[in-house]
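A.B. asks: Before I ask anything, let me first share the structure, which is written out below as structure tokens.
The values are calculated or read from the model by the stated rules, or taken from the named source; none is laboratory data. As the structure is a prediction and not an experimental result, all values here were calculated from the model. Keep in mind that these areas ignore ligands, DNA and RNA; they rest on the heavy atoms of the full protein, side chains included. Shrake-Rupley method; radii C 1.70, N 1.55, O 1.52, S 1.80 Å.
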Amino acid sequence: MKRILLLVFFIVALLLMARAQEVDGNKVQETPCVRIFEGRFFNKENNITIALNLYDTVLVVSNYEFLGKMNGYMHGTIHETWFVTSYVISENSAVLHLSNEMGSEDQTIKVTMRDSVNMLYETVGSNAIRKAVNGKWVKLPTKMNFMRQPLAALKNSQPTEVPRKFRKY
């Protein structure tokens, strides 16, 4: 009699544990992975775009396809295109090491996400990135604010292939 009672108690306990796990499993909803360092960010004052994907190596820079896929790049009205060569992510900020297209200069910057749209760009150490203003080289500001471009702008920002025109002799 004691064995039967113990067996019934054990079965009831197993059923209750299984039911408790099932209820908790239904309550837990998978939250989408937040990827704050993925997207295109634009600075309107200096006309500079930073394309980042620090989670996957998938970005290909137009006119630099021979370099292959990378994690990010910066281009715009600056002199040369700058590529992300290494990075370190910590919570809502990342330290990026950039190198210009020739590999002759490098720059370390810290990007901090203020929210899901705004990003703060800060140089670490001296500033090497320049742009031409009235025929003179001017270094970029050490701090700039970037805004994430909406997804609709991302789809339209990719250049379309223009057919080449050949001269007729």
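A.B. asks: Report, by chain and number, residues whose modeled amide H sits under 5 Å from the one on I129, excluding near sequence neighbours (fewer than 5 apart, same chain).
C.D. replies: So I129 has HN proximity to L140.
A.B. asks: Please list 3J(HN,Hα) in residue order for the range 113-123, calculated via the Karplus relation 6.51 cos²θ - 1.76 cosθ + 1.60 where θ = phi - 60°; whole Hz, with x for glycine and proline.
C.D. replies: 7, 6, 8, 6, 10, 9, 10, 9, 9, 9, 7
A.B. asks: Hey, another quick one. Would you compute the Debye intensity of the range 64-120 from its alpha-carbon atoms alone, equal scatterers and no solvent, and pass along log10 I(q)/I(0) at q = 0.13, 0.29, 0.31 Å⁻¹ to two decimals?
C.D. replies: Values, matching the q order: -0.36, -1.23, -1.28.
A.B. asks: Also, quick follow-up: Leaving out ligands and nucleic acids, note down the accessible area per residue over the range 62-149 with a 1.4 angstrom probe, in whole Å².
C.D. replies: With all protein chains present, the range 62-149 gives 56 Å² per residue.
A.B. asks: Let me ask something else about it. For the range 66-79, what does the Karplus curve 6.51 cos²θ - 1.76 cosθ + 1.60, with θ = phi - 60°, yield as ³J(HN,Hα) per residue in whole Hz, taken in order and with x for Gly and Pro?
C.D. replies: 5, 7, x, 7, 9, 8, x, 7, 10, 8, x, 7, 8, 6
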